[in-house]
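To keep things clear, I will list the structure first and then write my remarks on it.
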Amino acid sequence: MTKEINVPFLIVGGGIGGLATALGVTQTGRSVHVLEQAPEFGEIGAGIQLAPNATAVLDKLGVLDAISEYAVFPKRLVLMDAFTGKELSALSLGEAFLERYGYPYIVLHRSDLHKALLDACRANDQITLVNNQVVQSAENVGEKVRVTCSDGTTYLSGAVIGADGLWSNTRKLFSPDKPVCSQYVAYRGAIPMSEITPSADLDDVIMWIGPNLHLVQYPVRRKELYNQVVVFKSFRYKEDSDDWGTPEELDEHFGTCCEPVRHAVTFIQRQRRWPMYDREPIGNWTAGRITLLGDAAHPMLQYLAQGGCQALEDVACLTESLRKYGNDTEKAFLAYQEERIPRTAEVQRSARLWGEFLHTGDAMAILLRNRILAGRSADDFSVSDWLYGRRYM
Ligand SMILES: Cc1cc2nc3c(=O)[nH]c(=O)nc-3n(C[C@H](O)[C@H](O)[C@H](O)COP(=O)(O)OP(=O)(O)OC[C@H]3O[C@@H](n4cnc5c(N)ncnc54)[C@H](O)[C@@H]3O)c2cc1C
């Protein structure tokens, strides 16, 4: 027996993007349902960096104070050479940074961020959270949107936002495209500080870079845990296979790095690997009363640490657009995508380019890159203004 449920506003996906959207949409006076495929809401056991363009949004959503209790406020973003062990460049995140952007750069455990959003959603009686609902499709039918789930349940909603991530089903309405595999793979996780001997400064976010590889390190959860991500390009990549980017390749790649990097790699969890994907930007992600948000709309490589930040920028822009256009949801969705598509496409493309810049193996390119990096001062924010300075709320 199939059920059809009438709801005013529906969000597909209860990740960071979906839950933040629920909080934003209710600020415009609407009630929302969030459909999540997993039996429980949650996030993976690794860290996330949030720049001021994201912390500003979290503040407007009313969750920044809760998050700040667990977050770490690093002093610098540092680029190190993974082979020579030398510092290449740094961006100071101190007072001048805070004054310029008005909000801090923070690092935290993903589950702390997700839990703060989830707690705020649970405390909001305009938000209904539903688990075990795998959304298969969404289609405009007259003044409504019909959403069909794999268990046969259908929802009739006034509007739908697809925040269902990289492998989004909602996106199929707009494009037949597939995620693009970068042939890079990540191993990541946060481990208790007591179990490791960090060789790096705990006040910094450190990125060690080298040809076809990098390692990112920073503390999370009030410095109780240490988050590490190793990333490398596999030379054994095979389409439609999981037999590449193995732990053995990880050891081959990092085996000749400097001692602190080799030491750090011994603490990396090897049970699970994450192949790195993005997609090409698309020119339309809105149809009638359906739109996309976050990775469903614009998945990007993680090299600028901006995928989640861009999802939060989406939330701010969409919330303001819904506020501005009142009951005209279609107009609000169109205005939102008009603003967000050029912005997110630029960040997607820049993330790819930044990856090439970091991972180059060409000797001349490395020499020039390191000269450029050495020539800039830690208080020169002209490079980060375009990324961290955007505000919608
Ligand atoms: C190694 C790595 C490091 C990163 N580091 C950073 C960083 O430091 N800073 C940063 O800002 N970003 C970072 N990112 C990117 C960031 O993780 C993502 O951009 C962000 O999580 C996207 O959030 P989302 O809510 O759009 O999608 P997701 O987090 O993927 O959430 C989608 C949700 O939808 C659910 N779902 C999926 N399909 C369906 C369906 N059919 N029906 C119902 N529910 C469904 C999923 O279960 C999930 O809960 C990183 C990414 C990687 C891979």
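Here are the numbers for the structure shown:
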read-out: Of all residues in region 283-300 being in a loop (DSSP other than H, G, I, E, B) and more than 15 Å from the ligand (Cβ to nearest atom), the one that is surrounded by the fewest Cβ atoms within 10 Å (Cβ to Cβ); value: G283
read-out: Residue within region 264-275 that is surrounded by fewer than 22 Cβ atoms within 10 Å (Cβ to Cβ) and of a type in the set (A, V, I, L, M) present; value: yes
read-out: Options V347, V383: the member that is closer than 30 Å to L88 by Cα and modelled with pLDDT under 95; value: V383
read-out: Selection from region 28-58 of residues that are within 26 Å of Y105 (Cβ to Cβ) and either touching a Ser or Thr at 6+ places or on another chain (Cβ under 6 Å) or surrounded by fewer than 17 Cβ atoms within 10 Å (Cβ to Cβ) (or both); value: G42, E43, I44, G45
read-out: Sole exception among (1) closer than 21 Å to Y218 by Cα; (2) surrounded by fewer than 22 Cβ atoms within 10 Å (Cβ to Cβ); (3) not charged (D, E, K, R) for N6, by number; value: (1)
read-out: Qualifying residue in region 100-119 (condition: assigned by the TED database to the domain that holds G29 and over 24 Å from the mean Cα position of the chain (by Cα)); value: no
read-out: Residues located in region 301-351, provided they are of a type in the set (F, W, Y), more than 13 Å from the ligand (Cβ to nearest atom) and either closer than 30 Å to H214 by Cβ or buried (at least 23 other Cβ atoms within 10 Å of the Cβ) (or both); value: F333, Y336
read-out: Qualifying positions in region 1-24 - more than 8 Å from the ligand (Cβ to nearest atom) and part of a loop (DSSP other than H, G, I, E, B); value: M1, T2, K3, P8, F9
read-out: Condition check for S175: farther than 30 Å from R30 by Cβ, polar (S, T, N, Q) and at pLDDT 95 or above; value: no
read-out: Every pair of residues 6+ apart whose Cβ atoms lie under 6 Å, when the first sits in region 275-301 and is within 15 Å of R352 (Cβ to Cβ) while the second is modelled with pLDDT under 95 and within 13 Å of the ligand (Cβ to nearest atom); value: none
read-out: Per-region count, region 260-288, residues hydroxyl-bearing (S, T, Y) and at pLDDT 95 or above; value: 2
read-out: Output for region 12-27, where each listed residue is crowded, with 20+ Cβ neighbours inside 10 Å and either more than 18 Å from the chain's Cα centre (by Cα) or not assigned by the TED database to the domain that holds T148 (or both); value: V25, T26
read-out: Test: residue in region 25-32 that is within 9 Å of the ligand (Cβ to nearest atom) and at pLDDT 95 or above; value: no
read-out: One residue from V63, V72 being more than 20 Å from R390 (Cβ to Cβ) and outside the structural domain of L304 (by the TED database); value: V72
read-out: Pairs where the first residue, in region 36-55, is touching a residue at least 60 places away in the same chain (Cβ under 8 Å) and the second is within 7 Å of the ligand (Cβ to nearest atom) and acidic (D, E), C-beta under 8 Å, 6+ apart; value: Q37/D164
read-out: Cβ pairs under 8 Å, 6+ apart, first in region 62-73 and modelled with pLDDT of 95 or more, second polar (S, T, N, Q); value: L64/T55
read-out: Criterion violated by Y218 - all others in (1) closer than 17 Å to A71 by Cα; (2) at pLDDT below 95 satisfied; value: (2)
read-out: Within region 155-168, considering residues that are part of a loop (DSSP other than H, G, I, E, B) and within 13 Å of the ligand (Cβ to nearest atom), the one surrounded by the most Cβ atoms within 10 Å (Cβ to Cβ); value: A163
read-out: Strands (runs of 3 or more DSSP E) contained entirely in region 94-154, each with at least 2 residues that are surrounded by fewer than 21 Cβ atoms within 10 Å (Cβ to Cβ) and of a type in the set (A, V, I, L, M); value: 127-130
read-out: Some residue of region 172-179 being within 12 Å of the ligand (Cβ to nearest atom) and either out of contact with any His (no Cβ under 8 Å at 6 or more places or on another chain) or not hydrophobic (A, V, I, L, M, F, W, C) (or both); value: yes
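The values are calculated or read from the model by the stated rules, or taken from the named source; none is laboratory data. Nothing here was measured: the structure is a model prediction, and the numbers come from that model. Neighbour counts are summed over all protein chains in view; Cβ atoms, including those assigned to glycine, are modelled from backbone coordinates with ideal geometry.
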